[in-house]
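The values are calculated or read from the model by the stated rules, or taken from the named source; none is laboratory data. These figures come from a predicted structure and were not determined experimentally. Neighbour counts run over all protein chains shown; Cβ positions are idealised from the backbone, glycine included.
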Amino acid sequence: MNVLTVAGIVPGPRYSVEATLATGIGHDGTAGRELPVRVWRYQGVVSLDHNREFRGMIRLTDVTSISFFLPDSLDHRRDPQAIHTELGVRQYVSNPGPAAIGIGPTWAETTVVDDPRGGEGRWLQTQAHIHGYGVATLELNYRIEVVTSR
């Protein structure tokens, strides 16, 4: 059981951009290949609350794992060429009383996974490690960029 739980997710505008990805310069000095790609950007806010059912000790150095599915993610049937994940602190509210503050994610990654409901689609799932000591409420901005071939 984690000290923090996902209370809600509010997706922001989703958009895509067509681009050309250069593969670099070859060993013989000639230009590399250019690959047409589409970059999808997902952004929004995920709210985390202190889990009232949690019982136990938390050390200052402990991190808690969270994961959430992007509610507006498209069905990425093929594995993307790249996925970039950014999580940043939007709002932090500490528990009352003296406490050391360690906020923000220490690690984050987004992967394409099978539909958790058992359907045929594939979803984007973000996982992160976050310091949970002294947190009452924590809101994180997320921005996920997914590079796919056109």
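General observations
- Selection within region 116-150 - among the aromatic types (Phe, Trp, Tyr) and more than 15 Å from residue 49 (Cα to Cα): 123, 142
- Candidates 92, 133, 142 - the one that is of a type in the set (Ser, Thr, Tyr), crowded, with 19+ Cβ neighbours inside 10 Å and over 24 Å from residue 37 (Cα atoms): 133
- Selection from region 1-22 of residues that are over 14 Å from the mean Cα position of the chain (by Cα), assigned to a strand (DSSP E or B) and touching a residue at least 40 places away in the same chain (Cβ under 8 Å): 4, 5, 7, 18, 21
- Restricting region 77-124 to residues that are of a type in the set (S, T, N, Q) and closer than 16 Å to residue 66 by Cα, the residue that is modelled with the lowest pLDDT: 106
- Sole exception among (1) over 17 Å from residue 47 (Cβ atoms); (2) among the acidic types (Asp, Glu); (3) in contact with a Ser or Thr (Cβ under 6 Å, 6 or more places away or on another chain) for residue 145, by number: (3)
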